[in-house]
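Down below is the structure, laid out as structure tokens.
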Amino acid sequence: MADTPRELYARWRLQDTLLRYPGLRIAPSTNDDLVLAGELHFRAADLNGLTFEDQYEVELRVPSDFPRRTPTARETGGRIAPTFHKLEGDLLCLGARTELRLLLVQSPTLITFVERILIPYLFGHTYFTAHKRMPFGELEHGNEGLLQHFASLFGASDRVSALEFVRVASLRRRFANKRACPCGSGRRLGRCHNRKVNHLRELLGRSWFLKELRSIEREQ
Ligand SMILES: [Zn+2]
């Protein structure tokens, strides 16, 4: 039997989220999504420990199959220009899909979404406005950004090797282990970066990497 909204919300830690961010309220929704809207107030620090405090008007949509699907967010106060990191439909571009997915698989709560994904994005905008650069570096758009993220995730030295890591993660473990390790060591994956690949394959599933691989190859 499907979970009742009450059970879902308890698991998502909705109540905690609303208590911690009292500017957010549950807003009317025209479908199954849970909509949270209002002022999101936060304090965040840059790499030098310098603290910033700010607040944005936001609207979050949480799909009923969260965390399988990632929530989306919009900034509704008109502060964030369309030229800043945004997707179609004025949605905020919160990061590489796999990065968001990994965070939410490991901690599937709304607190995690707000504090590890949304606030870092908003902080990035606040910081960028003040300093004309992003606080922790930034990803490129499209494929470049995805490959850049995969390179750091797998510890690959370049984007070609990053794509090969995605490919071996999309294969069954026993086939993947016989392939040459994408890091270029000359050893087989099974005798090189297999732990890292197996760990990520277990967390996200082979089909996730297959989907990412196809989507990257389609756009190349
Ligand atoms: Zn290796």
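The values are calculated or read from the model by the stated rules, or taken from the named source; none is laboratory data. Keep in mind it's a predicted model, so treat the numbers as computed, not measured. Heads up, the Cβs are rebuilt from the backbone with ideal geometry, glycines too, and the neighbour counts pull from every protein chain shown. The accessibility values were calculated without ligands, DNA or RNA, using every heavy atom of the protein model including side chains. Shrake-Rupley method; radii C 1.70, N 1.55, O 1.52, S 1.80 Å.
Just a few scattered comments:
- Heavy-atom surface of the range 5-131, accessible at 1.4 Å and reported per residue (Å²): 53 Å²
- ³J(HN,Hα), Karplus 6.51/-1.76/1.60, whole Hz, each residue of the range 13-30, x for Gly, Pro: 6, 4, 4, 4, 5, 5, 6, 6, 10, x, x, 8, 9, 6, 10, x, 10, 8
- Eigen-decomposition of the gyration tensor built on the alpha-carbon atoms of the range 142-219 gives equivalent ellipsoid semi-axes of 18, 14, 10 angstrom, largest listed first.
- Extended-chain gain in nm, criterion 0.36 nm per residue less alpha-carbon gap, Arg11 and Phe52: 11.7 nm
- With the cut-off at under 15 Å, measuring from each backbone N in the range 90-110 to a point 7 Å along the Cα-to-Cβ line of Asp32 picks out no residue.
- Averaging the Cα positions of each part gives two centres, and for the range 133-150 and the range 85-117 these lie 14 Å apart.
- Cα-based helix-to-principal-axis angle, 119-131 vs the chain, degrees rounded to 10: 80 degrees
- Heavy-atom accessible area order for Glu59, Glu99, Glu75, largest first, 1.4 Å probe: Glu99, Glu59, Glu75
- Computed [θ] at 222 nm, helices only, for the chain once each DSSP H run of length n ≥ 4 contributes -39500 (n - 2.57): -12000 deg cm²/dmol
- Helix 142-154 vs. the chain, principal-axis angle (Cα, 0 to 90°, nearest 10): 70 degrees
- With θ taken as phi - 60° and the Karplus curve 6.51 cos²θ - 1.76 cosθ + 1.60 applied, the whole-hertz 3J(HN,Hα) list for the range 208-220 is 4, 5, 5, 5, 5, 4, 5, 5, 5, 5, 4, 8, 6 Hz, x standing for glycine and proline.
- Using a probe of 1.4 Å on the protein chains alone, the accessible area found for Val114 is around 0 Å².
- Simple spin-label estimate for Thr4 and Leu210 gives 3.8 nm between the two label positions (7 Å along the Cα-to-Cβ direction from each Cα).
- Computed accessible area, His199, all protein chains, 1.4 angstrom probe, square angstrom: 100 Å²
- Our coupling estimate for the range 196-207, obtained by passing each phi through the Karplus curve with A = 6.51, B = -1.76, C = 1.60 and θ = phi - 60°, is 4, 5, 4, 4, 5, 5, 5, 5, 9, x, 4, 5 Hz, Gly and Pro reported as x.
- Taking the Kirkwood radius as Rh and the Cα radius of gyration as Rg, the range 5-131 has a ratio of Rg/Rh equal to 0.94.
- 32 Å tail of the calculated P(r), the chain, as % of Cα pairs: 27 percent
- Difference of contour (0.36 nm per residue) and Cα-Cα distance, Arg97 to Thr76: 5.3 nm
- Helix 97-106 axis, angle to the chain major axis (alpha carbon atoms, nearest 10°): 80 degrees
- For the range 142-219, averaging the sequence separation of C-alpha pairs within contact (under 8 Å, six or more residues apart) and dividing by the residue count gives a relative contact order of 28 percent.
- For the range 5-131, the fraction of 1.4 Å probe accessible surface lying on carbon and sulfur atoms is 51 percent.
- Rolling a 1.4 Å probe across all protein chains gives Arg133 an accessible area of roughly 130 Å².
- Relative contact order of the chain, defined on C-alpha pairs under 8 angstrom at six or more residues apart (%): 12 percent
- Annotation note: chymotrypsin sites (Phe, Trp or Tyr not before Pro) in the range 108-210 located in DSSP loop regions with a Cβ neighbour count of at most 11 within 10 Å are Phe136.
- Overall form of the range 64-155 per C-alpha gyration tensor (a/c, 1.5; a/b vs b/c): oblate
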